[in-house]
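The values are calculated or read from the model by the stated rules, or taken from the named source; none is laboratory data. This one's a predicted model, so the numbers in the text were calculated from it and none came from an experiment. Here the Cβ positions follow ideal geometry from the backbone for every residue, glycine too, while neighbour counts run over all protein chains shown. When the accessible area is computed, the model is the full protein with side chains, heavy atoms only, and any ligands, DNA or RNA have been set aside. Shrake-Rupley method; radii C 1.70, N 1.55, O 1.52, S 1.80 Å.
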Amino acid sequence: MTSSPTPGLTRINTLDDSAAAAELHEVCASSAWGSRMLAQRPFATAESLFAANEAAMAELTAQDLAEAMAGHAPIGRPKPGDPTSAREQRGMAGASEELRTELLELNLAYQEKFGHVFLICATGASGEFMRDAVKVRIGNSPEQERENARGELVKINRIRLTRLVEGE
């Protein structure tokens, strides 16, 4: 028995290029990533979509990664009116003011050192977990941190692509 694509996957596959590019841009702000994903359509399964995400992320240059990261709000400060940003950072909702202040200071120090927001797959993560992660990662080299960010983007994109496929 073969499985047929989900309605969400069929929708991604059949949108015109402009509409599909707009949907993919909501997943990842890198235009290079979006172009690579468009070129891979149609996707037979969700797993092939996820594999294309990983392959496209692996090919991004430092500039492409910077463009992708620029689409993300700092941890603890979701973009106003952006339900995706708020949903993904839900772990900060119950954080104390002390933790929020500490995370803001760490985010600013990280951004000063690396020139971009601290990027972590925040879905399901507590404020304490994210604070501890930035404390560890701020000691990395720019090259290490770029690769960490690439890995986090793969995870974030997969979650967002899953939502597209499932029609949420």
Taking a straight Cα-to-Cα line shorter than 16 Å from LYS113, and setting aside same-chain aspartates and glutamates fewer than 8 residues away, one finds GLU105, GLU143, GLU145, GLU147
Rounded to the nearest 500, the 222 nm mean residue ellipticity computed for the chain from DSSP H runs (n ≥ 4, each -39500 (n - 2.57)) alone is -21000 deg cm²/dmol
Under a Gaussian network model of the chain whose springs join Cα atoms within less than 10 Å, the largest fluctuation of GLY34, GLY115, GLY81 belongs to GLY81
Convex hull around the C-alpha positions of the chain: the volume in Å³ per residue is 119 Å³
Given the candidates GLY151, SER96, GLY167, the one whose Cα lies deepest towards the positive end of the charge dipole of the chain, counting +1 at each Lys or Arg C-beta and -1 at each Asp or Glu C-beta, is GLY167
Whole-percent carbon and sulfur contribution to the accessible surface of the chain (1.4 Å, no ligands, DNA or RNA) stands at 54 percent
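Send over a whole-number figure in Å² for the accessible area per residue of the chain, probe 1.4 Å.
Heavy-atom SASA per residue in the chain reads 52 Å².
Could you give the size of the charge dipole of the stretch 78-125 about its Cα centre, using +1 on the Cβ of each K and R and -1 on the Cβ of each D and E, expressed in debye and rounded to the nearest 20? Could you put the intermediate results ahead of the total?
Working: 5 positive and 7 negative charges, 46 e Å.
Using only the charged Cβ atoms, the result is roughly 220 debye.
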Out of SER18, GLY8, MET57 - ranked by how far each Cα lies towards the positive end of the dipole of the stretch 1-89, with unit charges on the beta-carbon of charged residues - the top one is GLY8
